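What follows is a single structure, written as structure tokens, with notes after it.
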Amino acid sequence: MAEELIMPKLSMTMEEGQIVNWLVDEGDAVEEGEVILEVLSDKTNFEIEAPASGVLLKKIYDADDVVPVTEVIGYIGEEGEDIEDLIADKEAGSEKEAEVQDKEEAAEKTEETEKTPAAEKEQSTKENDIEVKDEIITDKVKTVPAVRRIAEEKNIDLRKVEPTGENNVIEVRDIENYIAEMEKGTEIKAYREKLSGIRRSSAKKVKESWTDIPHVTVTSEVNMEKIIELKDSWNQMQKDDVLKVSITDLLIKIVAAAMERHPIMNAYMEDDVEVVHNEGVNIGLAVSVDDKLTVPVFKNLEAKNIKDIVREKKELIEKARNNKLKSDEITGGSLTISNLGMYGTEIFTPIINAPQSGILGVGTIKKKPVVVDDEITIKPMMWLSLAFDHRLVEGAPAAVFLKEIKDLLEFPAKVMF
């Protein structure tokens, strides 16, 4: 019997995927485990393998189609196998589901309508009719209450509106005509653009993160003098440029050390009912590739030194640039680091990469006058912004965690090497 090829759910937040490219055609022989198509989801391309050996009998969806997870996208079976009945049964099931959903939506609308008594509508209409007939004279302008409300909402000077009502009263139609004329003069030309699959997926995920996760942000300014000295000293000793470190490399190491000491930040909420605790310290790094954002995840950082982090970061970024990241390389993170310092940004409030527990926003390093031992001196300062999931983490533990990162950045040698 033919095997269904379905759109896989490649992460907990994935709801749909876009078919980027079929690598085989209908009628081609395939082997179990062979990569047969590429799918785009959560800002990353994934390679999908054949679930069984046989022949690709049918493609249900083509390249660029967006398909919900678990939906059948094709069939693999024996050459010449008849699958028309399978396809017909599947379509009939989909139609039945759609019919049930339509009935449920119709029932909800009926219930909402019944909640509004007809008497309330009638009373409201009567009150409005009376209100329109009453005149208000203010600053030598005759008008009615409805016009006055519109003028206040739109910030309109009623002396500029030409009245057409009896006794020079400004009627609703007069202010509506005035607004229409004003809008003609300020009409803005624009064009519409449909979001591509990756941008649509990103927009949907950001919206869900913002609406589903109660964000709270705490900030702290850090003296980066010692970490810069450490970076420069380390890089001077390296003969191989591949092992030279950046501030981001050092941040990953330090944040991992802080997460070991504060395990609640190495966990995340799942479906509002469970807390998932990662055994290893897993941190995501926000990476912008061709104006598209992706978040590769460093796994088991508690067991890695700074050299390991430098090498792994280069590998993950290279994969991100070539759309070669695998599902397990963008999932499982507890917290993400987003560094906008290279763009001159001083401080910002980042949005959590769901379902993670938090995200650390990193600003630019800027020399500033600060007070040290009651004296004003110039130091390289940097802002950190920690946005965290308030369902999982209370304000005080989050503030303590951020202070831990600040302390380790200001005295880094004890955890770095």
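The values are calculated or read from the model by the stated rules, or taken from the named source; none is laboratory data. Computed from a predicted structure; not experimentally measured. Neighbour counts run over all protein chains shown; Cβ positions are idealised from the backbone, glycine included.
Within the span defined as the range 236-251, every residue fails to be farther than 18 Å from I309 by Cα and small (G, A, S).
Per the conditions (1) closer than 18 Å to P350 by Cβ; (2) touching a Pro at 6+ places or on another chain (Cβ under 9 Å), the sole criterion not satisfied by K205 is (2). From the residues in the range 277-303 that are in contact (Cβ under 8 Å) with a residue 40 or more places away in the chain and of a type in the set (A, V, I, L, M, F, W, C), which one is farthest from K406 (Cα to Cα)? Top of the filtered list is L293. Do we have E221 as at pLDDT below 95, more than 20 Å from the chain's Cα centre (by Cα), in the same structural domain as D389 (by TED's automatic domain parsing) and not in a helix (DSSP H, G or I) here? It is false that E221 is at pLDDT below 95, more than 20 Å from the chain's Cα centre (by Cα), in the same structural domain as D389 (by TED's automatic domain parsing) and not in a helix (DSSP H, G or I). Just to be sure I understand the filter: pairs with C-beta atoms under 7 Å, separated by 6 or more residues or on different chains, first member in the range 330-346 and assigned by TED's automatic domain parsing to the domain that holds I264, second member surrounded by 18 or more Cβ atoms within 10 Å (Cβ to Cβ) and of a type in the set (D, E). Which pairs pass? Short answer, once both residue conditions are applied: I330/D42. Residues that are modelled with pLDDT of 70 or more and of a type in the set (D, E, K, R) within the range 188-203 comprise R192, E193, K194, R199, R200, listed in sequence order. Of (1) touching a residue at least 60 places away in the same chain (Cβ under 8 Å); (2) part of a loop (DSSP other than H, G, I, E, B), M269 satisfies all except one. Which? Single failed check for M269: (2). The strands (runs of 3 or more DSSP E) located wholly in the range 333-417 that include 2 or more residues which are among the hydroxyl-bearing types (S, T, Y) occupy 335-339, 375-389.
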